[in-house]
1. Is it the case, given these coordinates, that ARG313 is surrounded by fewer than 19 Cβ atoms within 10 Å (Cβ to Cβ), without any contact (Cβ under 8 Å) to a residue 60 or more places away in the chain and not polar (S, T, N, Q)?
2. All but one of (1) in a strand (DSSP E or B); (2) farther than 30 Å from PRO677 by Cβ hold for ARG587, so report the exception by its number.
3. Kindly provide the set of residues from segment 514-548 that are without any contact (Cβ under 8 Å) to a residue 24 or more places away in the chain and closer than 19 Å to PRO585 by Cβ, ordered by number.
4. If I go through segment 560-584 residue by residue, how many of them are surrounded by fewer than 16 Cβ atoms within 10 Å (Cβ to Cβ) and either touching a residue at least 60 places away in the same chain (Cβ under 8 Å) or hydrophobic (A, V, I, L, M, F, W, C) (or both)?
5. Anything in segment 664-711 that is aliphatic (A, V, I, L, M), at pLDDT below 90 and not in a loop (DSSP other than H, G, I, E, B)? List them, or say none.
6. Looking at segment 25-83 only, could you name the residues that are among the aromatic types (Phe, Trp, Tyr) and within 30 Å of ASP342 (Cβ to Cβ)?
7. I need every pair where a residue in segment 484-500 that is over 22 Å from ALA232 (Cα atoms) has its Cβ under 7 Å from the Cβ of a residue that is hydroxyl-bearing (Ser, Thr, Tyr), sequence separation at least 6 or different chains.
8. Would you mind listing the helices (runs of 4 or more DSSP H) fully within segment 163-227 where at least 1 residues are surrounded by fewer than 23 Cβ atoms within 10 Å (Cβ to Cβ)?
Amino acid sequence: MVTAAADPFDTIVDAPFDSALSERYLVYALSTITARSLPDLRDGLKPVHRRLLWAMRLLRLDPASGYKKCARVVGDVIGKYHPHGDASVYDAMVRLAQDFALRYPLVDGQGNFGNIDGDNPAAYRYTEARLTQVAIDLMVGLDENAVDFRPTYNNEEEEPELFPGLFPNLLANGAAGIAVGMATSIPPHNAAELLDAAMLLADDRNATDAQVLEHVTGPDFPTGGLVVDTPAAIAEAYATGRGSFRVRARWQIEREKGGGWQIIVTEIPYGVTKGKLIEQVAALVNEKKLPILGDVRDESDAVIRLVIEPRSRTVDPQVLMDGLFRLTELENRFPLNLNVLDAQRTPRVLSLRETLAQWVDHQFVVLKRRSEHRLAKIADRLELLGGYLIAFLNLDRVIEIIRTEDEPKAVMIAEFELTDRQAEAILNMRLRSLRRLEEMELTRERNALTKEQAELELLLSSDARQKSRLKRDMKKLRDRYGPDTPLGKRRTTVKEAAPTRDIPLEAMIEREPITVVLSQRGWIRAMRGHLDLGSAETLKFKEGDGPAFAFHAQTTDKLLLVAENGRFFTLASDRLPGGRGFGEPVRASIDLDGSVGIVSLLKAKAGTRLLVVASDGRGFVVPAADVLAETRKGKTVMTPRPGAKLKVVWPVGPTHDYVAAIGDNRKLLVFPLVELPEMTRGQGAQLQRYRDGGLADAVTFLFAAGLSWPMGGDTGRTRAEPDMGPWRAARGAAGRMPPTGFPRDNRFHNLD
């Protein structure tokens with residue numbers, strides 16, 4: 001009889017799509033969190049790492065044995081315990097062997113396992129590995145029922161749920177991982193410091209965060225470096241379980257003959273590949289983003305040695321390093337996110353104290369389980385020893401029973417009141433064991449085991465004894481990883497340092513004197529040195545061109561070029577075209593139309609103010625810092641009214657308290673500077689009222705000193721008017737005729 005095939009539509013479940021999707025995604029998310037990305041607080045391992053070490057243990061790859069191919073280990077892991085890709089498993093194994101990735105490597109690798117330059121490791125068919133002593137310490141107790149075992153994915157074998165060893169792996173080696181909706185980032189720490197803090201918490205479970213931090217001073221990265229955060233910032237991060245650590249490279253100055261020097265970087269921040277770091281520094285050299293940096297080269301072998309050369313010996317080393325700290329990964333931040341799986345496999349963000357305290361609680365559980373397991377083993381052995389001693393006391397009778405009885409086991413059990421195990425053990429004894437010496441050894445062993453049994457029973461019944469025992473075991477382990485051992489010596493220095501400074505332009509550029517010349521047609525050049533401004537060689541121009549502005553400056557100065565439309569442009573003195581020839585058109589470096597005239601070119605001085613006035617007599621005072629522009633387009637400062645244009649830009653002296661304005665109508669007006677508004681942009685207020693024409697010139701001056709002006713010609717003499725009272729009026733007045741001898745061009749010149 002042929003049965004009809006089942007209708008596939010009968011298996012369809014009618015359910016909302018959103019709930020079905022959310023339920024399935026939740027399962028995936030929980031699997032990612034608990035079985036892949038987050039480490040277990042108790043041993044600090046993820047499943048792949050735990051399975052790698054377990055497979056290596058079963059292969060007997062202890063530190064005293066030989067190496068085996070990594071391909072063998074990876075094959076066992078993916079075949080028996082971790083059915084994932086071989087590449088991901090090998091990558092995890094490689095990281096366990098890298099001394100620049102793990103503070104305390106768990107795998108001893110032989111061959112190419114990559115390097116700090118960022119080079120990839122060799123394939124697993126070429127490399128070999130075995131366990132380190134750290135891994136052995138982490139797995140102590142696996143044979144003593146210290147932890148539970150579970151079946152592997154195919155139920156053919158068993159694997160431990162976690163490792164019970166006393167080594168504080170979670171914090172000592174750190175961890176990083178990204179799960180679904182959460183992540184973890186734990187820096188490495190010094191194992192001796194962690195064990196000191198653990199002994200404190202074993203004694204006093206309620207010890208404070210501050211007490212814990214008396215032992216744990218901060219991260220201890222395998223690559224060294226310096227943690228430069230403040231103690232308060234470090235304490236806050238550890239108290240909340242979230243934060244970050246500012247890590248800097250370790251450097252020193254190496255002096256050379258002749259007064260030169262160079263910087264030697266010997267340690268770089270954790271997680272930074274040396275090759276990428278050198279590329280970053282070289283890019284600064286090539287792109288001239290850090291002008292005081294000369295060159296960088298790598299002289300590393302087994303020890304890191306990066307040589308950084310300054311542009312000149314006059315550069316401040318600290319300023320140079322501040323620039324490198326800001327622009328490269330010679331300083332970076334390592335995040336702290338103490339998100340781990342606790343003893344109940346629940347993801348939680350814990351403080352440093354809570355993490356250590358829960359780890360100590362776990363070690364108490366391990367201690368009890370190991371003690372109970374040992375007690376069971378002792379009880380089993382004492383049972384057998386009791387049977388052996390009965391056999392020795394009745395040796396002739398036992399031999400007779402064995403020789404004559406068909407069922408000697410039952411007869412011995414009935415006659416000597418033995419247990420089944422005891423009788424079986426007697427029957428399995430070798431003849432060579434029937435010696436007097438063996439009886440003495442059995443008696444000695446029974447006495448020793450009885451004493452140990454009593455001690456373990458006391459241990460399990462006393463919390464104080466458990467604390468003492470755990471502290472004693474921790475102290476023994478601490479001696480192995482103490483600060484005086486090569487592996488346990490602290491590598492990272494925790495020392496507060498100021499944040500990197502904003503590097504001023506003056507510190508970035510070598511200071512040299514220059515002479516800046518701008519022609520009437522807008523050609524600009526900068527000649528080295530402070531040259532004679534009256535020399536024909538200095539002020540040579542193309543035919544039909546002539547001088548507009550010429551002054552002395554330094555390569556560290558910023559220059560302000562002001563256009564008639566009210567826009568201010570900022571020029572860097574060190575980037576001006578050289579003095580050969582006639583220079584270059586200044587409009588090629590700024591966005592200024594050729595039809596717009598140039599009003600002024602002057603040095604921008606920090607903390608000063610500028611008087612800006614349009615041709616219609618309206619103006620204001622603006623801080624020099626507010627007119628600086630970083631782009632080619634410049635910055636609009638004054639917006640002249642239709643028909644007017646910016647005409648005067650005058651630096652206000654620190655002692656100046658009055659403004660002098662003169663119009664095309666040759667009327668002079670003096671009024672207090674405070675009557676003029678200070679603005680950053682706009683049209684300003686009316687300085688002087690005109691019936692005909694507009695503004696000719698305006699300046700600021702010290703009223704008590706009066707005004708002075710050159711008399712003209714080559715005499716170099718000046719004329720002064722100390723009392724400007726007759727011309728003093730309110731801002732916006734018309735003014736009156738200037739003093740006798742005032743220049744006919746209605747311009748102020750060389751005023752202090």
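The values are calculated or read from the model by the stated rules, or taken from the named source; none is laboratory data. Values in this document were obtained by computation on a predicted structure and should not be read as measured data. Methodologically, a virtual Cβ is constructed for each residue, glycine included, from the backbone with ideal geometry; neighbour enumeration extends over all protein chains shown.
1. yes
2. (1)
3. Result: LEU539, GLU543, GLY544.
4. 2
5. ALA704, ALA705, LEU707, listed by residue number.
6. Correct list: TYR25, TYR28, TRP54, TYR81.
7. Filtered contacts from segment 484-500: LEU487/TYR104; LEU487/TYR481; GLY488/TYR481.
8. Where helices (runs of 4 or more DSSP H) fall fully within segment 163-227 and carry at least 1 residues being surrounded by fewer than 23 Cβ atoms within 10 Å (Cβ to Cβ), they are 191-203, 209-213.
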